[in-house]
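The values are calculated or read from the model by the stated rules, or taken from the named source; none is laboratory data. Note that this is a predicted model, so its numbers are computed, not measured. Every residue, glycine among them, receives a Cβ derived from its backbone with ideal geometry; neighbour counts consider all protein chains shown.
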Amino acid sequence: MKRRKIDVRALPGKSAEALDERFQAATPLRRLLNKVFPDHWSFLLGEIALYSFIVLLLSGIFLALFFDPSMREVVYDGSYTPLRGVEMSQAYNTALHLSFDVRGGLFMRQMHHWAALLFMAAIVVHMFRVFFTGAFRKPREANWIVGVLLFWMGFLEGFAGYSLPDDALSGTGLRIASAIMLSIPIVGTWVTTSLFNGEFPGDVILDRLYIVHVLLIPGALLALISVHMGLLVKQKHTQWPGPGRTNENVVGVRMFPGFAAKAGGFFMIVFAMIAALAGLFQINPIWLFGPYKAAVVSAASQPDWYVMFLDGSTRLFPAWEIRFDLFGWGDGYTIPPIFWPTVVLPGILTMLPMFYPFIEARFSKDKAVHNLLQRPRDNPLRTALGAMAIAFYVVLLISGGNDVLADKFHISLNAMTWAGRVGILVLPPLAYYTAYRIALGLQQHDREVLAHGIETGIIRRMPDGRFIEVHQPLPLDEHAVEGDGHHGLEYAGWVVPKKMNRIGALAPTVKGFFYPIEKAAPTPKPAPYDIGVPKREEITSDR
Amino acid sequence: MTTQTAPEQEQFDASDPSLTRFDLVKEGARRDGVEIVHYAPRFPVPGTKAEKRIERVLGLMFLLTGLMGTAFVVAYIAWPWHYGHGDETYQKLFPFYTPLLGATLGLALLTLGLGIITWSKKLLPEEVSIQERHDGPSDRTEQRLTAATIVNMGDELGLKRRKFVGLAFLAGAAPLGAAAGAVLVGSLIKAPKQDGENIFFTTGWDPAKNGGKPVRLTHEDGTPIRPADVSIGGQITVFPGIPGGATNKYGDSPTLLIHLREQDAQETLRNVKAVNKDSQWQNFVAYSKICTHAGCPASLYEQQTNRLLCPCHQSQFQITDNARPVFGPASRALPQLPITVDDEGYFVATSDYRVAIGPAFWERP
Amino acid sequence: MTSEQSKRPLARLVPGGARAARSKLRRRLSAAVRLVAALTLVGGLYSAYAPGVGRAEETPVLSAQAQHGKQLYEYSCITCHGTNAQGVQDRGPSLIGVGSAAVEFQVNTGRMPLARQEAQAQRKQPQLSEQDAADIGAYIQELGGGPQLPSAASLDADVQKAQSDPKTLAHGGELYRVNCSSCHAFSTGGGALSSGKFAPTLQHSTNRDMYGAMLTGPQNMPVFGNNQLSPDDKAAIIAYVQNLNKNSQSDPGGWNIGRYGPVPEGLVIFLIGIAALVFATLWIAGKS
């Protein structure tokens, strides 16, 4: 038999050639490897969401191998003694089975749930970063819309996911969801009856939620994430203004090896955080809740945090019901109070953010392409609107947990509700005003430093008795205009150095938290002693 | 920056022996619109102490990764993991199973991530590259060509000239589209009216569900209830005494039976509205447990203030006044179940609730 | 009168009276005796058959323990609960009929004596010893009757038995979830009620405290008398609660962050998850 000699060293080259013959991959591959990504910590926030999503997919596959969403009644016969012999649905039964009779099952369940919370938290944080830096402006409006859709898809996915185990807490949430659908005028009863195949809870809702949760929405999420990433690759990432950066280029590191190493390492860190949370912090202890029964409820019932703002809006909205007669047609009709905070409000909260890029472009009459980011201070109106939105959201979020706060901090529950009702009207305008003024103040300070130089803290007394502070002027560029004490430096949209060590006039800060981890750079020494040159250079102010 | 023209590309000879590999890399980057403006190895002099220190740190990181990863696998397999099994030691160690998994896997992944990041920050060369964006609209000529192609496509279809064909197509396709939609959605739709009655207006207390006989109030296990079974100032949850009455099949039926004190009972009778006439039996009242706001069980009964609090959105109902809402987002009183005691001394519901229970909806008058 | 007549003053009244005359003293003595006998007869008949008028103003005969309890009561409780536990308008309700169970519960958990009138009687350090509480309880019991607690030993034995039987434990859980969790939460950590009131946590409660609360319905808690939840049912519920709180296996997922549900979970994801990851991004990419 002939032995084929395989030249191992030539193997990579031969394989590459074989692939290229079939796919002409050489140029596109190199183009991908050479893509440049800008570097800033705030650009990594969206990646937290992406990596959490991957963890969700992997842990979800594990859970799907054990979970059965059937609502068929069974008698529990597993390891958890306090529920032995209790009647429950098969869904709750398999969820308990995962928690107590599958090795590592509880760990996987908790990993899945914590990753979901992190996914939504990262989306919110990333969304605010994009908003406050103006990255959603032309040409990235479409990506912004995809992002808003991703938030709401994640929202629905999370709701479906935590309702699947059919425990008493999430079952109550499902009941509230059915009441929300019921409140929709004209079609409410039809929608609910169709979805639940009868009255609540019916016997099919978990099977339907399961398909939504493992097939329909993950498919939508994968598609949307692909579009989101694809647009990012096509349009390239935005960047901060700075030296060498223009609206027509991207300054950073190439994809391989620099950026990929950072991304891969960060993936591991995010995964590590999820794993640590999953092991060390208990989440959603369904065995304490018991199976869902229409007569059972607990104090301190809340949905997961990303749904909690809607719970807050429901708690705060007053009992304003609209009842009317349609001129004798039928027996009279109702629009229940729950319709406004749970159907109309999310509708507004979807449409308004989604179309914000176009609204802002219309009002600012700005049709230019923007690839450079704006510091929040440089657009006080947008920053103030964002602060207002955050204040609104946070009041609703806190009100969603107002009974826990009332209980633990001994505040009257009724008072918490009233505080929320007043706060939701008073705090957002207050936040708007405060943020606006702060942004303006920061802008003012930037221009002051550009015009007058950095405050050194050195006070001198002039011959005529005045006290002045010595300012260190910033390095001039060739366009500066001398005279009259101002340096004519233009604001470039980037950080203005405000400390002496940032311009090299003093030693840079020593790196390290508790003790130095790097040796401090040597202090800049004055020029060596020379005849005719004074020993020390004094830092003086200008005329 | 101008795009590469063909002759320039042909001029570059990749097999020229005088070119270094980095020259090739730079040329490749240039063709992709990238200019590598700064590329400096972190340790130009190989083998310095600093470089060795970094390498040692990385070695340590990855060693820890391996150790922690192994610890994870060992703990996963060997540590006590099964609730309620095993002897006392086993049960003492059990609560640490999940935390141990989390700690070991977390540390393993953390050290891996830290190692990779340190590698990239400290060992990979410092680099600053600039890539040209190519924003803005496509080439004018290209735009015109594409527009012409599309418009021509429309013309070729000939819809402008052949109106009839177009209309016929639409007229035929529309019902087909409706058919697709109908199948998808049609089988899902279910009407709220079943057997001539709207399901939202009836509950398990309807005597029709019990062969015309009034339905007994029962405990969760089905045993009927006498007045002596409820303490003064106490309340119990009751279910319809029909097959499956305590299951979720009749999720709209759980009811709260309250035994009021004498004065409270008198006050309740004084306040009774027309819709709740004759629903009270001596000092006993029964209200629907399903909150009229969003359907959670409203069951936090404060026996001295006679308020019923719903824990979901903090609606409060005044029991001594027809269970009308006095705080919170609920806008309708809890429906009262008319009760009496039958010949054998057990509680029965004289009829179903007189109004629809639970959260309101469009058709509720 | 003859000397014979003076010796028997009533003799002249007796027909053929000379023989009937006796000494004056003896006659007076016998009259007195007959008077006393008649009075005693009438008085005794009266007190035997007449209704107990004014019995309410009499303190009933108390046992020694109750006597001690009465002393303690008049020191600690009388200002709000009045003499003879009748109650004082707008300050304290009548304790007639609440039984020693209510007294022992309120005093042993420190709720009574109240520190001040407020929405909720707060649990605090007991002001009186358990024996003193039992004594006051005996006093209230003998005054007006009411429910009584089982002894600690027998209750603990019952609870222990219930805990070791899975069926009873599960039954206790079902009873807890239908009757108790709406105020005290699935986690047994308690919850808010309206206007400043709250249902307290059960995580530090003794068996007897829980039994007493269920039996007597303190403050705004509904009453779960033994006709409604039998002593066995109560033992099952207590067993379930104690199992949740004392069994180290009840929180297998790590630190339970208070078992308050999604609120602390949300706090953890932001304060720990996002915060740590933001620090990581600062380290990785810096501020360029």
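Considering only the range C:225-255, how many residues are among the small types (Gly, Ala, Ser) and either at the interface with another protein chain (Cβ under 7 Å from one of its Cβ atoms) or free of Cβ contacts under 8 Å to residues at least 24 places away in the same chain (or both)?
Here is the first cut: in the range C:225-255, the residues among the small types (Gly, Ala, Ser) are C:225, C:230, C:235-236, C:239, C:248, C:250, C:253-254.
If we keep only those that are either at the interface with another protein chain (Cβ under 7 Å from one of its Cβ atoms) or free of Cβ contacts under 8 Å to residues at least 24 places away in the same chain (or both) too, we end up with C:225, C:230, C:248, C:250, C:253-254.
Of the residues in that region, 6 qualify.
What are the residues in the range C:179-191 that are farther than 25 Å from A:Val75 by Cα and part of a helix (DSSP H, G or I), if any? Full working, then the answer.
Of the range C:179-191, the ones farther than 25 Å from A:Val75 by Cα are C:183-184, C:189-191.
Correct list: C:Cys183, C:His184.
A:Leu118 versus (1) of a type outside the set (Gly, Ala, Ser); (2) within 12 Å of chain C (Cβ to nearest Cβ); (3) within 17 Å of A:Trp144 (Cα to Cα): which is the lone unmet condition?
With respect to (1) of a type outside the set (Gly, Ala, Ser); (2) within 12 Å of chain C (Cβ to nearest Cβ); (3) within 17 Å of A:Trp144 (Cα to Cα), A:Leu118 is out only on (3).
Any residue at all in the range C:102-111 that's within 14 Å of chain A (Cβ to nearest Cβ), aromatic (Phe, Trp, Tyr) and under 19 Å from C:Val223 (Cα atoms)? I'd like the intermediate steps shown before the answer.
Going through the range C:102-111, the residues within 14 Å of chain A (Cβ to nearest Cβ) turn out to be none.
No, the range C:102-111 contains no residue that is within 14 Å of chain A (Cβ to nearest Cβ), aromatic (Phe, Trp, Tyr) and under 19 Å from C:Val223 (Cα atoms).
Looking only at the range A:41-70, count every residue that is under 30 Å from B:Lys26 (Cα atoms), within 14 Å of chain B (Cβ to nearest Cβ) and buried (at least 21 other Cβ atoms within 10 Å of the Cβ) and tell me the total.
At the first step, the residues of the range A:41-70 found to be under 30 Å from B:Lys26 (Cα atoms) are A:41-44, A:47.
Filter again for within 14 Å of chain B (Cβ to nearest Cβ), leaving A:41, A:44, A:47.
From what is left, the residues that are buried (at least 21 other Cβ atoms within 10 Å of the Cβ) are A:44.
So the count comes out to 1.
If the requirement is being surrounded by 10 or more Cβ atoms within 10 Å (Cβ to Cβ) and over 30 Å from B:Ala40 (Cβ atoms), which of these qualifies: B:Thr146, B:Thr141? Give the derivation first.
Working: B:Thr141 fails: surrounded by 10 or more Cβ atoms within 10 Å (Cβ to Cβ).
Within the list B:Thr146, B:Thr141, the selection yields B:Thr146.
Cβ-Cβ under 9 Å, sequence separation 6+ or interchain: first residue in the range A:345-371 and among the β-branched types (Val, Ile, Thr), partner in a helix (DSSP H, G or I) and surrounded by fewer than 17 Cβ atoms within 10 Å (Cβ to Cβ). Which pairs?
So the pair list comes out as A:Thr350/A:Trp152; A:Ile359/A:Leu352.
Of everything in the range A:409-425 that's crowded, with 17+ Cβ neighbours inside 10 Å and not in a loop (DSSP other than H, G, I, E, B), which residue is nearest to the chain's Cα centre (by Cα)? Working first, answer last.
First, the residues of the range A:409-425 that are crowded, with 17+ Cβ neighbours inside 10 Å: A:412-414, A:416-417, A:419-420, A:423-424.
Among the residues that remain, those that are also not in a loop (DSSP other than H, G, I, E, B) are: A:413-414, A:416-417, A:419-420, A:423-424.
Numbers: A:Leu413: 31, A:Asn414: 32, A:Met416: 28, A:Thr417: 28, A:Ala419: 27, A:Gly420: 24, A:Gly423: 24, A:Ile424: 22 Å.
Looking at residues that are crowded, with 17+ Cβ neighbours inside 10 Å and not in a loop (DSSP other than H, G, I, E, B), I get A:Ile424.
Is it the case, given these coordinates, that A:Ser194 is surrounded by fewer than 21 Cβ atoms within 10 Å (Cβ to Cβ), facing chain B (nearest Cβ under 8 Å) and assigned to a helix (DSSP H, G or I)?
Against the criterion (surrounded by fewer than 21 Cβ atoms within 10 Å (Cβ to Cβ), facing chain B (nearest Cβ under 8 Å) and assigned to a helix (DSSP H, G or I)), A:Ser194 qualifies.
With respect to C:Gly258, is the statement that it is over 17 Å from A:Phe119 (Cβ atoms), surrounded by fewer than 20 Cβ atoms within 10 Å (Cβ to Cβ) and touching a residue at least 40 places away in the same chain (Cβ under 8 Å) true?
yes
Test of understanding: among A:Val233, A:Val214, which residue is modelled with pLDDT under 95 and among the β-branched types (Val, Ile, Thr)?
Criteria check complete, one pass: A:Val233.
Restricting the search to the range A:314-347, which residues are touching a Leu at 6+ places or on another chain (Cβ under 8 Å), facing chain B (nearest Cβ under 10 Å) and part of a helix (DSSP H, G or I)?
Selection gives A:Leu316, A:Pro341, A:Thr342.
Is it the case that A:Leu440 is within 14 Å of chain C (Cβ to nearest Cβ) and over 30 Å from A:Gly173 (Cα atoms)? Steps first, please.
Working: within 14 Å of chain C (Cβ to nearest Cβ): no; over 30 Å from A:Gly173 (Cα atoms): yes.
It is false that A:Leu440 is within 14 Å of chain C (Cβ to nearest Cβ) and over 30 Å from A:Gly173 (Cα atoms).
Can you tell me which residue within the range B:89-114, out of those that are among the β-branched types (Val, Ile, Thr) and within 13 Å of B:Val73 (Cα to Cα), is farthest from the other protein chains (Cβ to nearest Cβ)? Quick ask: steps written out before the conclusion?
First pass over the range B:89-114, keeping only residues among the β-branched types (Val, Ile, Thr): B:89, B:98, B:104, B:111.
Filter again for within 13 Å of B:Val73 (Cα to Cα), leaving B:98, B:104.
On the way: B:Thr98: 5, B:Thr104: 8 Å.
The qualifying residue farthest from the other protein chains (Cβ to nearest Cβ) is B:Thr104.
Given the criteria within 13 Å of chain A (Cβ to nearest Cβ), buried (at least 23 other Cβ atoms within 10 Å of the Cβ) and hydrophobic (A, V, I, L, M, F, W, C), does B:Phe317 qualify?
Working: within 13 Å of chain A (Cβ to nearest Cβ): yes; buried (at least 23 other Cβ atoms within 10 Å of the Cβ): yes; hydrophobic (A, V, I, L, M, F, W, C): yes.
So B:Phe317 passes the test.
Does the range C:166-178 hold any residues that are facing chain A (nearest Cβ under 10 Å) and either farther than 18 Å from C:Lys246 by Cβ or part of a loop (DSSP other than H, G, I, E, B) (or both), and which are they?
Listed by number, the residues that qualify are C:Lys167, C:His171, C:Glu174, C:Arg177, C:Val178.
Suppose we filter A:Leu373, A:Leu397, A:Leu385, A:Leu349 for residues that are under 30 Å from C:Pro200 (Cβ atoms) and either under 19 Å from the mean Cα position of the chain (by Cα) or crowded, with 18+ Cβ neighbours inside 10 Å (or both); which single one remains? Talk me through it step by step, then tell me what you get.
Working: A:Leu373 fails: under 30 Å from C:Pro200 (Cβ atoms); A:Leu385 fails: under 30 Å from C:Pro200 (Cβ atoms); A:Leu349 fails: under 30 Å from C:Pro200 (Cβ atoms).
That would be A:Leu397, the only listed residue that is under 30 Å from C:Pro200 (Cβ atoms) and either under 19 Å from the mean Cα position of the chain (by Cα) or crowded, with 18+ Cβ neighbours inside 10 Å (or both).
Give the residues of the range B:115-156 that are in a helix (DSSP H, G or I), more than 7 Å from chain A (Cβ to nearest Cβ) and in contact with a helix residue (DSSP H, G or I) (Cβ under 8 Å, 6 or more places away or on another chain), sorted by residue number.
Restricting attention to the range B:115-156, the residues satisfying the condition of being in a helix (DSSP H, G or I) are B:115-123, B:140-156.
Cutting the leftovers down to more than 7 Å from chain A (Cβ to nearest Cβ) gives us B:115, B:118, B:121-123, B:140-156.
Answer for the range B:115-156, where residues must be in a helix (DSSP H, G or I), more than 7 Å from chain A (Cβ to nearest Cβ) and in contact with a helix residue (DSSP H, G or I) (Cβ under 8 Å, 6 or more places away or on another chain): B:Gly115, B:Thr118, B:Lys121, B:Lys122, B:Leu123.
Restricting the search to the range A:77-100, which residues are in contact with a Phe, Trp or Tyr (Cβ under 8 Å, 6 or more places away or on another chain), part of a loop (DSSP other than H, G, I, E, B) and free of Cβ contacts under 8 Å to residues at least 40 places away in the same chain?
Within the range A:77-100, A:Gly78, A:Ser79, A:Arg84, A:Gly85 qualify.
With respect to C:Leu155, is the statement that it is surrounded by fewer than 22 Cβ atoms within 10 Å (Cβ to Cβ), more than 7 Å from chain A (Cβ to nearest Cβ) and in contact with a Phe, Trp or Tyr (Cβ under 8 Å, 6 or more places away or on another chain) true?
Numbers: surrounded by fewer than 22 Cβ atoms within 10 Å (Cβ to Cβ): yes; more than 7 Å from chain A (Cβ to nearest Cβ): yes; in contact with a Phe, Trp or Tyr (Cβ under 8 Å, 6 or more places away or on another chain): yes.
The answer is yes for C:Leu155.
Of the conditions (1) more than 13 Å from chain B (Cβ to nearest Cβ); (2) part of a loop (DSSP other than H, G, I, E, B); (3) under 28 Å from C:Lys246 (Cα atoms), A:Arg103 fails just one. Which one is it?
Exception for A:Arg103: condition (1).
Search the range B:185-197 for residues being assigned to a loop (DSSP other than H, G, I, E, B) and more than 10 Å from every other protein chain (Cβ to nearest Cβ), and hand back the single one that is farthest from B:Trp362 (Cα to Cα).
B:Asp195
Using the structure shown, decide if A:Glu448 is on the phi < 0 side of the Ramachandran plot, modelled with pLDDT under 95 and in a helix (DSSP H, G or I). Please lay out each step first, then the result.
Working: on the phi < 0 side of the Ramachandran plot: yes; modelled with pLDDT under 95: yes; in a helix (DSSP H, G or I): yes.
Here the answer is yes, as A:Glu448 does meet what is asked.
In the range C:181-224, which residue that is over 22 Å from A:Ile283 (Cα atoms), among the aliphatic types (A, V, I, L, M) and in contact (Cβ under 8 Å) with a residue 12 or more places away in the chain is surrounded by the most Cβ atoms within 10 Å (Cβ to Cβ)?
Restricting to residues being over 22 Å from A:Ile283 (Cα atoms), among the aliphatic types (A, V, I, L, M) and in contact (Cβ under 8 Å) with a residue 12 or more places away in the chain, the top hit is C:Leu193.
Among the numbered criteria (1) closer than 27 Å to A:Thr314 by Cβ; (2) touching a strand residue (DSSP E or B) at 6+ places or on another chain (Cβ under 8 Å), which single criterion is violated by B:Asn283?
Of (1) closer than 27 Å to A:Thr314 by Cβ; (2) touching a strand residue (DSSP E or B) at 6+ places or on another chain (Cβ under 8 Å), only one is false for B:Asn283: (1).
Would you say C:Tyr73 is within 30 Å of C:Tyr139 (Cα to Cα) and either assigned by TED's automatic domain parsing to the domain that holds C:Ser100 or at pLDDT 90 or above (or both)? Please lay out each step first, then the result.
Values: within 30 Å of C:Tyr139 (Cα to Cα): yes; either assigned by TED's automatic domain parsing to the domain that holds C:Ser100 or at pLDDT 90 or above (or both): yes.
So C:Tyr73 fits the description; yes.
Would the range B:198-214 turn up any residue that is assigned to a loop (DSSP other than H, G, I, E, B), hydroxyl-bearing (Ser, Thr, Tyr) and either within 14 Å of chain A (Cβ to nearest Cβ) or under 30 Å from A:Arg30 (Cα atoms) (or both)?
Just the residues of the range B:198-214 that are assigned to a loop (DSSP other than H, G, I, E, B), to begin with: B:202-206, B:211-214.
Filter once more, keeping what is hydroxyl-bearing (Ser, Thr, Tyr): B:202-203.
Going one step further and asking which of them are either within 14 Å of chain A (Cβ to nearest Cβ) or under 30 Å from A:Arg30 (Cα atoms) (or both), we end up with B:202-203.
Among the residues of the range B:198-214, at least one is assigned to a loop (DSSP other than H, G, I, E, B), hydroxyl-bearing (Ser, Thr, Tyr) and either within 14 Å of chain A (Cβ to nearest Cβ) or under 30 Å from A:Arg30 (Cα atoms) (or both), which makes the answer yes.
Just for the range C:192-214: of the residues that are within 9 Å of another protein chain (Cβ to nearest Cβ) and not in a loop (DSSP other than H, G, I, E, B), which one is nearest to A:Ala299 (Cα to Cα)?
C:Ala192
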